[in-house]
Structure formats: C-alpha cells, structure tokens
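Read the structure below first, then the notes.
The values are calculated or read from the model by the stated rules, or taken from the named source; none is laboratory data. Source: prediction; values computed, not measured. With ideal geometry, Cβ positions are generated from the backbone for all residues, glycine too; neighbour counts draw on all protein chains shown.
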Amino acid sequence: MQTLTVRRFFDAHVHLRRLIMLTLVTPFTSRYCCSALIMPNTKKHPVLNGADVRRYRKEIKSSSDVNGHTWFEPFMTVQIIKTTSLEDLKSAWAQGVRAAKIYPEGVTNSEFGISDYEALFPLLEWMEEVGMHLLLHGEHPDIFIDCMDAEFFFLEKILPVIVRRFPRLKITLEHVSTKHGIEFVRAHWPQVAGSITVHHMTTFQNDWMKQFLRPHGFCMPVPKYRRDMEAIRAAAVSGEECFFNGSDSAPHHWRAKEAIKGCAGIFNSPTQYQTLAEVFEQDRAVQNYEPFTSTNGLTRYGLPLVEDTVTLVKHDWQVPMRYSLVDAQVERFGRSIRRQSIAVVPFRAGQTITWQFQDRVN
C-alpha cells in the first residue's frame, strides 16, 4: 500500500500552551485535525471557568486561523482544582465546554493538582446530571508510590469508587500506560473510555532510561514495561471503539527538558500520525487506522464526523532535531516585550519515518 486517505483527525488530548509556544505548536495540530481536545492546565493560570475558556479559545483560533486552518475547532475543557465551584463549571458549560479534567498532585504544569477526590464529589454529581465528561490523569497522588505503580494504584483505590458512586458519569482514562489500564477500560466500557498516546504504544522503560538517559522521551505517566507497551499497542490497533488517539503532546523548551529537574512531556504532534501509519501497517490493521485516529474520539464526545480527508503517502522523511520560532517584538499591557525565541525537540527527532503527509512531499 502506497497511500492512506482518512477523515481529518481528532486529537483527544493535546497541550497547546500559551503565547509564543502556542504560536509554534498549534499549526502542527490544526493543519490535519478537524478538532482537538485542549488540555486546561496552562502554566500558572489554568483554565477554570467560562471566562478563561473564552479567552483561551480565542488565542487558539487566532493561531490556527492565521495559518489558514479555519476548519479547526478546539474542543475546550476546564480544570477542576481544590477551589473549583459549581458556578465555575456552570459558566464553562455555558461556553460550550463538555469535559472537565482532574490532575493528581505532582504532575508537570499542575501546581493545582488534587489529592482528595471525595471532596470533589458534589461537582461530579452535577457533571453526571448534565452529561459533562470527566477526564482523568490516572495516577495515584501519593508521593511514596513508585511512578511505575501510580496508575495501577489509581485504578485499584480511586477510580473504582468514582465509577460505582457515579454510574452515569462518562469518564475517560487518559494516556493509558499499563496493561491493567487497558483491561480496566474494557471491563467498564461504555462508562469508561481510554485515550492512547503514540509514545506509550511504541516505547517502554528502556527507551528513555537504559544505558543513556533520554530526557525527550520522559513523560508522565512514564512509559513502563514491554508487556504494557504491547498491550497498549494491541488495543490501539484493535478497532475497539473504547480506545482512541490522544497524543498528550506536551511541548517544553529544550532547556527545560535537558535540565537537572527536566520537565515531563513529549512533543509528538509533528510525528504522531506518520508513526501511527507505520504501526498500523506493521500490525496489518490499516482498516482500523481511521477509527482510532479520527472517528472513535469524535463519537465518544458527541462531536459530528467530518467529510474532509487527509492523505498520507509511503515516503521516507527525516524528523528535524528541533522546531523553533523567534517571536516579534510585541506590546503587552502598555509596555514593550523583548523578542523571544523557543525551540522544542519532537518525538523521534533525527529518525526516518516511512510515511509522510502528501502535501509535505516535495
């Protein structure tokens, strides 16, 4: 097979950041996606209510529209923190928000993470009533739990309580990172769905911390054992409607990654769909590529399917070592801001990928 044409993608989990980083990374998503589920944990100022949603959506649309990607519609979310009120959620709902995210304590860019989930039950009760989806970073917040076991203990100690208490609440276990997580989703579908990243289905512990430390392969939840990777990959290519692509593309400036306290996050927006084409071809499951990347997620969140298509072709290309941008001088709050530059290292930097977007081929 030499070409692969599918509906425009839906990325069910992406971090677009703010300011210059947003300007750099948004086009990698908006160019080929009809929509994407936007994470709300923006640094220092998370998206918490309707007013925040309105401002952030405007920033994203400005970035996508200026690149000519007018078809792109961000699927906005809000973050639930310790001080979130019912009024916050209602104001977000009025802005069209249909999903809210909870992060545990200890996650990068989540200074407002949660440790006491039961304190949030009144909010979850309202979400269940109106049909707002709950998005979960499924790791136990106890700092004494090994990072390799954090998802397991979340699925054993916290999520079952939520599932039983709120049986009509639609839940997404995001970036599933263990075989146990895959099994949990299957056992609790359709109440619980699972998003899967390209890096969790193609890498495991040895790829980022054996022989050499590879900071650009470090994320949370961390890629775990080979058996977990194999189970996640099998679920992704299976065609099961309970699983769909959510990149968890989370860019950081390369200096923030290559640091004593390097940030967690993998920037895979420029390479995820080409890599997925390789995986689905290798696993003889090309017929399930479109459901996983385009339609399962849209259906889960009640969004309309689109007729626009994108085409990939069998064509080798080498992933750049970095993507960078120099921002122009700008005026903010009545004062001049100096020029800024930023550079990020993409997933599979320097490697050759055998599939490429047709409009990228010279």
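A few remarks follow.
- Qualifying residue in the stretch 254-269 (condition: under 25 Å from PHE152 (Cα atoms), surrounded by fewer than 21 Cβ atoms within 10 Å (Cβ to Cβ) and within 19 Å of the chain's Cα centre (by Cα)): yes
- Of the residues making up the stretch 97-143, those that are of a type in the set (A, V, I, L, M) and under 19 Å from LEU16 (Cβ atoms) are VAL97, ALA99, ALA100, VAL107, LEU135.
- The criterion of at least 3 residues that are under 26 Å from VAL344 (Cβ atoms) is met by the following helices (runs of 4 or more DSSP H) wholly inside the stretch 252-334: 254-257, 272-282.
- Lone unmet requirement of (1) touching a Gly at 6+ places or on another chain (Cβ under 9 Å); (2) surrounded by fewer than 22 Cβ atoms within 10 Å (Cβ to Cβ) for ARG7: (1)
- Any hit, the stretch 296-314, residues being touching a helix residue (DSSP H, G or I) at 6+ places or on another chain (Cβ under 9 Å) and among the small types (Gly, Ala, Ser): no
- Of ALA236, ALA231, all but one fail to be touching a residue at least 40 places away in the same chain (Cβ under 8 Å), surrounded by fewer than 24 Cβ atoms within 10 Å (Cβ to Cβ) and not in a loop (DSSP other than H, G, I, E, B); the exception is ALA231.
- Whenever a residue of the stretch 351-362 is touching a residue at least 60 places away in the same chain (Cβ under 8 Å), its partners that are of a type in the set (Phe, Trp, Tyr), lying with C-beta atoms within less than 7 angstrom and at least six residues away or across chains, give the pairs ILE353/TRP317; GLN356/TRP317; PHE357/TYR32.
- Residues in the stretch 329-362 that are under 14 Å from TRP317 (Cβ atoms), over 21 Å from the mean Cα position of the chain (by Cα) and either at pLDDT below 95 or of a type in the set (D, E, K, R) (or both): 4 in all.
- Residues satisfying the criterion are present in the stretch 114-122 (criterion: crowded, with 17+ Cβ neighbours inside 10 Å and touching a Phe, Trp or Tyr at 6+ places or on another chain (Cβ under 9 Å)).
- Test result for SER91, assigned to a helix (DSSP H, G or I), crowded, with 21+ Cβ neighbours inside 10 Å and polar (S, T, N, Q): no
- Test: residue in the stretch 218-241 that is under 19 Å from PHE357 (Cα atoms) and touching a strand residue (DSSP E or B) at 6+ places or on another chain (Cβ under 7 Å): no
- Subset tally (residues that are closer than 12 Å to THR178 by Cβ and of a type in the set (D, E, K, R)) for the stretch 206-225: 1
- Contacts under 8 angstrom Cβ, first residue in the stretch 278-302 being in contact (Cβ under 8 Å) with a residue 40 or more places away in the chain and within 18 Å of VAL14 (Cβ to Cβ), partner among the hydroxyl-bearing types (Ser, Thr, Tyr) and buried (at least 16 other Cβ atoms within 10 Å of the Cβ), 6 or more apart: THR293/TYR273; GLY297/SER195; LEU298/SER35; ARG300/THR172
- Given (1) out of contact with any Cys (no Cβ under 7 Å at 6 or more places or on another chain); (2) loosely packed, with under 15 Cβ neighbours inside 10 Å; (3) at pLDDT 95 or above, index of the condition GLN211 fails: (3)
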